[in-house]
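Undergrad: After the structure tokens below, expect a handful of questions from me.
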Amino acid sequence: MTETRQQDAVTSRLTVRELTLAYEDRTVVHELDLAVPDGRVTVIVGPNACGKSTTLRALGRLLKPRGGAVLLDGTELSKIPTKKIAQSIGLLPQTPVAPEAITVSDLVARGRQPHQHWWQQWSQEDERAVTDAMERTDITALGSRSVDELSGGQRQRVWIAMALAQETDLLLLDEPTTYLDIAHQVEVLDLVRRLAAPAADGTRGRTVVTVLHDLNQAARYADHLVAMKAGRIVAEGRPGDVVTAGLVREVFGLEAVIVPDPVTGSPLVVPGAPWQPA
Ligand SMILES: Nc1ncnc2c1ncn2[C@@H]1O[C@H](COP(=O)(O)OP(=O)(O)OP(=O)(O)O)[C@@H](O)[C@H]1O
Ligand SMILES: [Mg+2]
């Protein structure tokens, strides 16, 4: 009994304490507290400019806190060596920039940098991770193409592959489904779910934090949903508890009806007041 309960207990390697984030003199995130559940998918939703990307960047140590802290295993990120962080946390930014004229496989291979050493630049393990990441994102056939000449959706999948190739326990994704057609959106989100699923031997899956704009996809794929507004968390928890008409009104200023998703039973947000013909 006790053992089962311990296994079910939610732990958090990545936590945020009174985190304040600012650009010059403008504060955009205010004293945020968050515990990212291990081995689960956390989805952050909220209106444009509410601070989602800013928060994600701080979680990946791309942005230094103005106040408070981000902690990995209880230690402030600022006190952990960069390479160690890169081995633990992978971040796909909202608008990543590729080096000019780089090929797809070379870009994905850059995800392996945190695992390389001066005495060994490239190992079989690196090769396997890159091949695997490219297969999972359906870009194997694009390997020798230049990233510059890909479609938006192809390029997005290359970036996801690079983040996957890093093989970190924690994966932060900022709008990974942008530019993707609906089938590839579902494929990427299914992949995210599989990454977080426990292995057959019970080993915990990976921890994913992702920003999504589509509330219905967020409600379908999140274990833990975080709704932000103006740099603060307005609600968090299981999608079924968080996504209500009141929350959609409060966070997005949108009238909506919430019905059960006919496929998954998760909350489905249907915008309305209905349109009235003249
Ligand atoms: N590099 C920057 N310098 C100055 N201000 C910035 C910078 N990046 C973001 N901001 C500002 O910080 C606020 C939060 O931006 P952020 O990118 O975190 O929003 P977001 O929630 O990710 O929005 P979106 O849904 O549009 O991606 C915005 O007002 C934005 O203009
Ligand atoms: Mg953003």
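Undergrad: Specify the residue with the greatest mean-square fluctuation among ASP169, ASP190, ASP126, computed from a Gaussian network of the chain linking alpha-carbon atoms under 10 Å apart.
TA: Result for the chain, Cα springs under 10 Å: ASP190 fluctuates most.
Undergrad: Counting GluC sites (Glu not before Pro) as exposed when in a DSSP loop with at most 10 other beta carbons within 10 Å, what is the longest stretch of the chain free of them? The partial results should precede the final answer.
TA: Working: sites that count: GLU24, GLU100.
With GluC sites (Glu not before Pro) excluded where exposed in loops, the chain gives 101-278 as its longest stretch.
Undergrad: How big is D for the chain, in µm² s⁻¹ as a whole number, if Stokes-Einstein is applied with the Kirkwood radius of its Cα pairs at 37 °C and 0.692 mPa s? Mind showing how you got there, number by number?
TA: Values: Rh = 19.9 Å.
Estimated via Stokes-Einstein, D reaches 165 µm²/s.
Undergrad: Still on this structure, please answer the following. Could you work out which residue, out of THR54, THR178, THR11, moves most in a Gaussian network model of the chain, that is, has the largest mean-square fluctuation with Cα springs under 10 Å?
TA: Evaluated over the chain, the most mobile residue of the options is THR11.
Undergrad: Let me ask something else about it. Rounded, prolate or oblate, given the Cα gyration tensor of the stretch 138-209, with a/c below 1.5 counting as rounded? Show your work: numbers first, answer last.
TA: Details: a/c = 2.21, a/b = 1.84, b/c = 1.20.
The shape class here is prolate.
Undergrad: Report, in debye and to the nearest 20, how large the dipole of the stretch 138-263 comes out about its Cα centre when Lys and Arg carry +1 and Asp and Glu carry -1 on their Cβ. Don't skip to the end; give the middle numbers.
TA: Details: 12 positive and 18 negative charges, 36 e Å.
With only Lys, Arg, Asp and Glu charged at Cβ, the dipole is about 180 debye.
Undergrad: In whole Å, what is the distance between the alpha-carbon centres of the stretch 113-155 and the stretch 18-35?
TA: With the stretch 113-155 and the stretch 18-35 each reduced to a Cα centre, they are spaced 34 Å.
Undergrad: Set Lys and Arg Cβ to +1 and Asp and Glu Cβ to -1, take the dipole of the chain about its Cα centre, and tell me which of PRO277, GLY74, ALA165 lies farthest positive.
TA: GLY74
Undergrad: Another one. Can you pull out the trypsin sites (Lys or Arg not before Pro) in the stretch 153-228 that DSSP calls coil and that have at most 16 other Cβ atoms within 10 Å? Write out the running numbers ahead of the final one.
TA: Values: sites: ARG155, ARG157, ARG193, ARG194, ARG204, ARG206, ARG220; in loops: ARG204, ARG206.
For trypsin sites (Lys or Arg not before Pro) across the stretch 153-228 that sit outside H, G, I, E and B with at most 16 neighbouring Cβ atoms in 10 Å, the list reads ARG204.
Undergrad: Which of LYS83, LYS52, LYS229 comes first, and how do the rest follow, when ranked by fewest Cβ neighbours within 10 Å? Show your work: numbers first, answer last.
TA: Details: LYS83 13, LYS52 24, LYS229 18.
Ordered from fewest to most neighbouring Cβ atoms within 10 Å, LYS83, LYS52, LYS229 come out as LYS83, LYS229, LYS52.
Any read-out appearing in this document is the output of simple, stated calculations on the displayed coordinates, not a laboratory observation. Computed from a prediction, not measured in an experiment: that's the story for all the values here. Virtual Cβ from ideal backbone geometry, glycine too; neighbours counted across all protein chains shown.
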